Amino acid sequence: MEEQNRDTTQTTEKNEENITEVIDNTDQDGVQQMGSDESKMESLKAEVDQLKQEKEELHQRVLRTQAEFDNFKKRSQKEKEAERKYKAEDLVNELLPAIDNFERALQVEVNDAGEGFVDGISMVYRQLKDALKAQGVEEIECVGETFDPTVHHAVMQVEEEDTESNTVTEELQKGYMLKDKVIRPAMVKVNK
């Protein structure tokens, strides 16, 4: 019986050793698995952070692109409006010398024989002026006005006692504006 107890004790000890070994192995596997899970979690967190950063960069790029497109649309719209507003500018620039010549022709003294011809020229001149006015062309007022370098071109200075300083005394060539843009500044004499 003693032998049986010894065998049982030995068997029990062996079983305990085996169980301890199994538990130790299981603990080591668990520790390894836990370490493996933690490293996976860290790599997943790093990947999530990287994806968030990429998403934010793409979002900012989309916002900048959208803003650039909006600015392009606004700029294009303004250019089209300016083009429509000043579409007659080239034609006006070509017609202004003809208008000047009409004015010079109308200043010549005429005898009775040429009066009908002058009336015809006068009529054509008025029609041209009316057509230009319909397109937004206006003469720049000069004589008696304060000199303004944005609309006047001073070619001479005079000294007149009865006129204020920096005042336009005479218009040498008419100036014209198309809507709010100076097409040709008026050439003037200015009092010192």
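The values are calculated or read from the model by the stated rules, or taken from the named source; none is laboratory data. Just so it is clear, the model here is predicted, and its values are computed rather than measured. So basically every Cβ, Gly included, is an ideal-geometry build from the backbone, and we count neighbours across all protein chains shown. Surface areas here come from the heavy atoms of the whole protein model, side chains and all, with no ligands, DNA or RNA. Shrake-Rupley method; radii C 1.70, N 1.55, O 1.52, S 1.80 Å.
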Check your understanding: According to a simple spin-label model (label point 7 Å from Cα along Cα-to-Cβ), what is the distance in nm between Phe72 and Glu103?
Key -> 4.6
Check your understanding: In the range 44-192, what % of DSSP beta bridges are antiparallel (nearest 5)?
Key -> 65
Exercise for review: At a 1.4 Å probe radius, which order do His59, His152 fall into by accessible area, largest first?
Suggested key: His59, His152
Review point. If you count the DSSP beta bridges with both ends in the range 125-192, what percent of them are antiparallel, to the nearest 5?
Key: 65
Study note, to complete from the structure: Residue separation between Lys192 and Lys80 times 0.36 nm, minus their alpha-carbon distance, gives in nm 36.0 nm
Review point. Taking amide hydrogens as modeled 1.01 Å from N in the peptide plane, which residues meet the under 5 Å criterion relative to Lys179, leaving out close sequence neighbours?
Key: Val137, Glu138
Check your understanding: What list of ³J(HN,Hα) couplings, whole Hz, do you get for the range 179-186 from phi and the Karplus terms 6.51, -1.76, 1.60, once you set θ to phi - 60° and write x for glycine and proline?
Key -> 6, 10, 10, 6, 8, 8, x, 6
Review point. Of the trypsin sites (Lys or Arg not before Pro) in the range 136-188, which ones lie in a loop per DSSP and count no more than 14 other C-beta atoms within 10 Å?
Key: Lys179
Practice item. Whenever you get a sec, line up Glu103, Glu139 from highest to lowest accessible area (probe 1.4 Å, protein heavy atoms). Key: Glu139, Glu103
